[in-house]
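S.K.: After the structure tokens below, expect a handful of questions from me.
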Amino acid sequence: MDMANLSPGKLRILQAVAALLEDPAGKVTIARLASKISVTEAAIYRHYRSKDEIFQALFEYMESHFLTPLNYVQKESTSTDKRLQFLFKQYIEFFHGHPGLARLMLGQSSAEATGIAEKVQVLNAKLRGQIALILKWGEAKGHLQPGLMPEAVAELFYGLIVAAAMAEVFNLPQLTLDTRWHNFATATLRPSVAETAA
């Protein structure tokens, strides 16, 4: 889902929910949501029929920001390191811009609406599976450091993503994006043939 295609009213509602999710102490309610954007509860219901529908739209937005880069990168590059670096940057920047959705991705707010916990679980499984496939392809092309299993490298990569989400949720200090990427890539990946020749 592209938020640019939403009506201004729907967009304000989803942005407000994402902001409310940043506060772990408060449950998202239609009353709190209406208060956050200074409208009546009836105004909220003119855009969405229920809280579950709001969270479904929010989840679709989050899902598109994780799955679309996976599809894009596999068409645009054959270099395992370039593919993973692109994904890493996209995901880290998403969490940085949406700490409330980082909380949702970690499952901390998944009880807010019916079915969200299961959807988040499926999304996490899809991401891990696709990252593992990229790394299996990379192993076949000789892009991994010798002796490393693609599944193990996938776990390390996914661990970086989860750690970034946690850092945003708990406002923890972080190394720079470039430093985190460099450490991961140096330990796990070999430069692709194309990059070596360049």
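S.K.: So how tilted is helix 51-76 from the main axis of the chain? Cα-based, degrees 0 to 90, rounded to 10.
M.R.: Compared with the principal axis, the helix lies near 20 degrees.
S.K.: Moving on to the next point. Can you give the angle from 0 to 90° between the axis of helix 80-97 and the longest principal axis of the chain, with both taken from C-alpha atoms, to the nearest 10?
M.R.: So the inclination is approximately 20 degrees.
S.K.: Counting only residues 5 or more places away or on other chains, whose amide H sits under 5 Å from the amide H of L189 once H atoms are built in the peptide plane?
M.R.: Under 5 Å from the amide H of L189 lie the amide H atoms of Q145, each far enough along the sequence or on another chain.
S.K.: What's the angle, to the nearest 10 degrees (0 to 90), between helix 150-169's Cα axis and the longest principal axis of the chain?
M.R.: 40 degrees
S.K.: Right, next: Where is the GNM fluctuation largest for the chain (alpha-carbon springs, 10 angstrom cutoff): G26, G138, G159?
M.R.: The residue that fluctuates most here is G26.
S.K.: Mind giving me the FRET efficiency for D178 and I37? R0 is 35 Å, r the Cβ-Cβ distance, nearest 0.05 is fine.
M.R.: After rounding to 0.05, the efficiency reads 0.45.
S.K.: Given the options H143, S64, L104, identify the residue whose Cα lies farthest towards the positive end of the charge dipole of the stretch 52-197 (+1 on Cβ of Lys, Arg; -1 on Cβ of Asp, Glu).
M.R.: H143
S.K.: Can I ask one more? Working from the alpha-carbon coordinates of the stretch 54-166, get Rg over Rh, Rh being the Kirkwood radius.
M.R.: 0.99
S.K.: Compute the Kirkwood hydrodynamic radius of the chain, taking the inverse of the mean of 1/r over all pairs of distinct Cα atoms, and give it in Å to one decimal.
M.R.: 18.2 Å
Each value in this text was obtained by applying a stated rule to the coordinates, not by laboratory testing. Predicted model, so just to flag it, every value in this text is computed and none were measured. All Cβ positions, glycine included, derive from the backbone under ideal geometry; neighbour counts span all protein chains shown.
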